[in-house]
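Each value in this text was obtained by applying a stated rule to the coordinates, not by laboratory testing. No experiment lies behind these values; they were computed from the predicted model shown. FYI the Cβ positions are ideal-geometry reconstructions off the backbone, even for glycines, and counts take in every protein chain you see.
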Amino acid sequence: MKPDRRTFLAASLGLAAGAAATALLAHPKYHINRILPRSRVAILTADSYSEDLAQILWHGLDLFHLDVRGKSVLIKPNLVDYIPGNHINTHPLLVSAATECFRRLGAKTVLVGEGPGHQRDTELVLIESGFAEQLQRQMISFVDLNRDELVERPLLASYAGLKSLWLPRTILESDFVVSMPKVKAHHWSGVTLSMKNMFGVVPGAKYGWPKNILHWKGIQESILDICATVPVHFVIADAIMAMEGNGPLNGSARRLDRIVLADDAVAADATCARLMGFDPDKIVHIRAGAQFLGNSSVMRIDQLGEVVCFPEIPFQTVPEFEYLRLNRDLEHHT
Amino acid sequence: MRMDDPQRGSLLCVEQLIARQLPHGGWPFYSSAAQAAVEPTALTLLALPSTLIRERARAIGFLLQIQNPNGSWPAFFGDDPEGSGFTGLVVYALNRSGAKGTATDRAIPWLLQSRGWESHWLWKWKFRTTDRHVRLDPDKFGWPWTPETASWVVPTSYSLLALKDGIASSRPGLLQFRIRCGVEMLHDRICPQAGWNAGNGLVYGTGLAPHPDATSIALLALRETPFNDFVTPSLDWLEQRSQFCCAPWSLAWAILALTAFRRATKTLISRLESVVNTNAIADCASLAVAALALNSANGANPFGANS
């Protein structure tokens, strides 16, 4: 049967609508691609927070042949709050060791910057967590990213539906950003690692304490948008004493005795997730980040230090994230 | 620099603040920055003695100049025009500085309509059914930091301070409703051990630790409401917590709150004097609150006087 003109027109319109819908759905939500051909991760052993960390870190960094000579380095630890006895923050001795190493590597400047999410008095957290003393002793400058000068930047990914964010001038003008997370389970996002750590660059002076707009727009989505816009050049993750359960504040300490270094935030977080006994592919921001920010597959990660050891008992989580736990039968696939 | 008496210490803080005033009349958070922000400017305006006519006029002029078309205030110079959770603080500071007028009148309708998103029926339903990990009653709402987000303790407290400060509204019923609802919201979000964190007091069944600054600002906002089971234990907690607090921002807010409730602050003021090295406080907001707290030793507390 020969189609008449009306049928042809209707079919054409149907096809055009279908193509438009497909194009819309298939349209990537990211406008950059930072995936390296191969990523490098080093897992180092460190069984305590001591002055020895600088030496351990120096040997670890040596594996990466980093060139930071003449560059402005911004170290972004995870500094949330201070609750006596809780391992909430990146340890100040590790941050101090990292600063020393980057200075030795010839960085022009090394700053430490953070914008705590709930606690408005950053100085109180610095004092009570032992950071202030360490910063003073090492003569390290600290920038409260919550109260820095702000510059509006269009986002380079659109998962959360925000077009732009006001971001601290200090972080935008830094040549080399080092994310230094505390390895923790997190009751809203499953884990908080080097990518989630970048929430701290979103300024409280604009978005409040906490940065609630990011919660309403979606935590996993916001992590992706922030990491697309503010590149993480290197990761030093504090997994010496990690946190499981009801993180990021009220979980339990979990000893891992490890420091994880990486030149790729996605690779770092995928590795940390494995060390926690989680399947990184089940963590939304790691899985989506692997499409444009970095590598999560072990096939594309060069392990420079120790090999990844899955824990006998995976980290505890809140019930909603128990599905993250690695299926041990499938370990070899991940 | 060790200071000898609180009033002298306050004046030294003020001198530092005057030196940091930007050409357009505002203050940045960090002394090295050139971008004025609303919170340090409003707090400094409260801290400037009435004799500093020129500096106060420039500060007021700056705040009036950057008011948003909708009557709210941005968080900083150049910010988006939707409005921020600092609007209540600016209204309070302008009222207290004798600058009540058209600008503050324009801000009141914005404050009356701005509300945390948990008050929306859809989110009420969500918090009552699917999202039960955060303990809150969405019928008790206050003010958000930014539009389209939930209520938080500090913007709610700043807004209550403004609305309770003898302002007039063409909608007195709504005004009373928002004050009552904001007070109830603060009562609802209190931490299990008393005092306030940034927002909710309980998440995933675990009580959050209160923060000295949020607790102080909430107490100041509740000052003229009848005493109840929330205020006294929160004051007790704040008094105890302040005994080992050395950070100027938190310590100064605690002094202002405890003074307003006629609690003893002599030792805290002495500690603030020793802590406040005016050359070392880079943050103008902290310096302004320190100036206010040190001056409160003389009975001058802009958050404590009857309206």
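Taking chymotrypsin sites (Phe, Trp or Tyr not before Pro) that fall in a DSSP loop and have at most 14 other Cβ atoms within 10 Å as cut points, what is the longest piece of chain B between them?
Numbers: sites that count: B:PHE227, B:PHE244.
In short, B:1-226.
Using helices alone, what [θ] at 222 nm do you get for chain A, with -39,500 (n - 2.57) per DSSP H run of 4 or more residues, divided over all residues and rounded to the nearest 500?
On the way: 11 runs with 102 residues, N = 334.
Computed mean residue ellipticity for chain A: -8500 deg cm²/dmol.
Taking the 0 to 90 degree range and rounding to the nearest ten, how far is the long axis of helix A:219-229 tilted relative to the main principal axis of chain A, both from C-alpha atoms?
Helix A:219-229 sits at roughly 80 degrees to that axis.
Projecting each Cα onto the charge dipole of the protein assembly as shown (Lys/Arg +1, Asp/Glu -1 at the beta carbon, about the Cα centre), which of B:ALA290, A:GLY85, B:PRO172 comes out farthest on the positive side?
Of the candidates, B:PRO172 comes out farthest on the positive side.
Once you have the alpha carbon radius of gyration of the stretch A:152-235, what is it after dividing by 2.2 N^0.38 Å, with N set to its residue count?
Compared with the compact-globule rule of thumb, the stretch A:152-235 sits at 1.02.
Which one, A:LEU249, A:MET276, A:THR170, projects farthest toward the positive side of the charge dipole computed for the protein assembly as shown from Cβ point charges (K/R +1, D/E -1)?
A:THR170
Within the stretch B:143-249, report the GluC sites (Glu not before Pro) that DSSP leaves as loop and that have at most 15 other Cβ atoms within 10 Å.
Numbers: sites: B:GLU148, B:GLU184, B:GLU224, B:GLU239; in loops: B:GLU148, B:GLU224.
For GluC sites (Glu not before Pro) across the stretch B:143-249 that sit outside H, G, I, E and B with at most 15 neighbouring Cβ atoms in 10 Å, the list reads B:GLU148, B:GLU224.
Within 10 Å of each Cβ in peptide B:243-253, how many partner chain Cβ atoms are there on average? Round it to a whole number, please.
Taking the mean over all residues of the peptide, I get 3.
Translational D (Stokes-Einstein, µm²/s) of chain B at 25 °C and 0.890 mPa s when Rh comes from the Kirkwood sum over C-alpha pairs?
Answer from the Stokes-Einstein relation: 126 µm²/s.
In cubic angstrom, how much convex hull volume per residue do the alpha carbon atoms of the protein assembly as shown span?
Details: hull volume 122.3 nm³, N = 641.
That works out to 191 Å³ per residue.
Limiting things to C-alpha atoms, what are the Rg and the maximum Cα-Cα separation (Dmax) for chain A, in angstroms?
In order Rg, Dmax, the Cα atoms of chain A give 21.4, 88 Å.
Tell me, what is the percent relative contact order of chain A, built from C-alpha pairs under 8 Å that lie six or more residues apart?
22
For the stretch B:172-290, just say rounded, prolate or oblate: build the C-alpha gyration tensor, square-root its eigenvalues into a ≥ b ≥ c, call rounded for a/c under 1.5, and beyond that prolate if a/b exceeds b/c, oblate if not.
Here the stretch B:172-290 falls in the prolate category.
Which residues make up the longest stretch of chain A clear of trypsin sites (Lys or Arg not before Pro) that lie in a DSSP loop with no more than 15 other Cβ atoms within 10 Å, not counting the sites?
Result for the longest clean stretch: A:164-334.
What is the Cα coordinate range of the stretch B:24-167 on the first, second and third principal axes, sorted by size from largest, in whole angstrom?
For the stretch B:24-167, the Cα spread along each principal axis is 55, 35, 25 Å.
Going by the alpha-carbon gyration tensor, a ≥ b ≥ c the square roots of its eigenvalues, is the stretch A:97-150 rounded (a/c under 1.5) or, if a/c is not under 1.5, prolate (a/b greater than b/c) versus oblate?
Because a/c hits 1.5 or more and a/b fails to exceed b/c, the stretch A:97-150 counts as oblate.
Per residue, how much space in cubic angstrom lies within the convex hull of the C-alpha atoms of the stretch A:17-156?
Dividing the Cα hull volume of the stretch A:17-156 by its residue count gives 196 Å³.
Can you give the longest run of chain A that contains no GluC sites (Glu not before Pro) sitting in a DSSP loop with at most 15 other Cβ atoms inside 10 Å?
Of all site-free stretches, the longest is A:174-305.
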